[in-house]
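The values are calculated or read from the model by the stated rules, or taken from the named source; none is laboratory data. It should be emphasised that the depicted structure is a prediction, and the values quoted were computed from it without experimental measurement. Every residue, glycine as well, gets a Cβ built from its backbone with ideal geometry; the counts of neighbours run over all protein chains shown.
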Amino acid sequence: MPLVDVPLPELDVTPVPYPVRKFLAEADKRVEEALADAGIPGFVPSDYENFYRTLRAITDASLLRGNTFLEWGSGLGVSASLAAMIGYEAVGIETEWELVDTARQLAETFDVPVEFIHGSFIPRGHDDITAGEYSWLVTESDDAYPQAGLDPDDFDLIFVYCWPDDEQTTADLFESCAGVGTVLMTFKGGDGYRLRRKVDAKGRKRKR
């Protein structure tokens, strides 16, 4: 099933709502603490305010088939929490227990209804796509999807903050396991994001 690019809508540059600013201020503190901990490999924070603006614009433009959000490699859970604050049913999957614990604590502090799962976001049966690739694309952790009671094709938007060298592997994994109509959102460098939708062999997106 091919992936097709989806143009990003124009972003709203007005100040973000106060509850979001308050949440991001606390998140920044916890990001600094995580970065100071050399024991957490591969953790790189996103520009969370820009992420919020981008996801807000995607939502307002009705680009998605529904309101379920999944983050592959959710780290401290800031992006998934922001998605929940916008109104998504949000889930984050992360292999590092320490990050999962911190993400849950941050969300609980602000009463954000988001779920964080410890495990691998690579579904069983798709290991061959990422074999021999990058360290964060691990399958040794428990399969996270049974814990959530969901499958990758149950989600409407999957977000991945990946390195540029990882993007093709990430897209291949998404194409292999996501549902038709699901959108992949990746960071493309600078302050921009890329959207791609999975369509069927005839280029159609199938509605639920």
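Condition check for Gly77 on (1) at pLDDT 95 or above; (2) at negative phi; (3) surrounded by 20 or more Cβ atoms within 10 Å (Cβ to Cβ): one failure, at (2).
Residues that are closer than 23 Å to Ala178 by Cβ and β-branched (Val, Ile, Thr) were ranked within the stretch 80-107; the one that is modelled with the lowest pLDDT is Thr95.
From the list Leu82, Leu24, the one residue that fits, being in a helix (DSSP H, G or I), of a type in the set (A, V, I, L, M), surrounded by 12 or more Cβ atoms within 10 Å (Cβ to Cβ) and within 13 Å of the chain's Cα centre (by Cα), is Leu82.
For Gly73, indicate whether it is within 13 Å of the chain's Cα centre (by Cα) and touching a residue at least 60 places away in the same chain (Cβ under 8 Å). Yes; evaluated as a whole, the condition is true for this residue.
Checked against the criterion of being at pLDDT 95 or above and under 19 Å from Gly189 (Cβ atoms), the stretch 35-45 has no qualifying residue.
Of the residues in the stretch 156-168, how many are buried (at least 18 other Cβ atoms within 10 Å of the Cβ) and either more than 16 Å from Gly92 (Cα to Cα) or in contact with a Pro (Cβ under 8 Å, 6 or more places away or on another chain) (or both)? So that I can check it myself, show each step before the final result.
Here is the first cut: in the stretch 156-168, the residues buried (at least 18 other Cβ atoms within 10 Å of the Cβ) are 156-162, 166.
In the following step, the residues that additionally are either more than 16 Å from Gly92 (Cα to Cα) or in contact with a Pro (Cβ under 8 Å, 6 or more places away or on another chain) (or both) were identified as 158, 166.
Qualifying residue count for the region: 2.
For the stretch 45-87, a residue qualifies if it is more than 23 Å from Asp153 (Cβ to Cβ) and of a type in the set (Asp, Glu), and the qualifying residues are Asp47, Glu49, Asp60. Take the conditions in a helix (DSSP H, G or I) and either modelled with pLDDT of 95 or more or crowded, with 18+ Cβ neighbours inside 10 Å (or both) and apply them to Arg65. Does it pass? Here the answer is no, as Arg65 does not meet what is asked.
Out of Lys29, Lys22, I need the residue that is at pLDDT 85 or above, under 20 Å from Leu99 (Cα atoms) and charged (D, E, K, R). Which one? Quick ask: steps written out before the conclusion?
Values: Lys22 fails: under 20 Å from Leu99 (Cα atoms).
Matching residue, one of Lys29, Lys22: Lys29.
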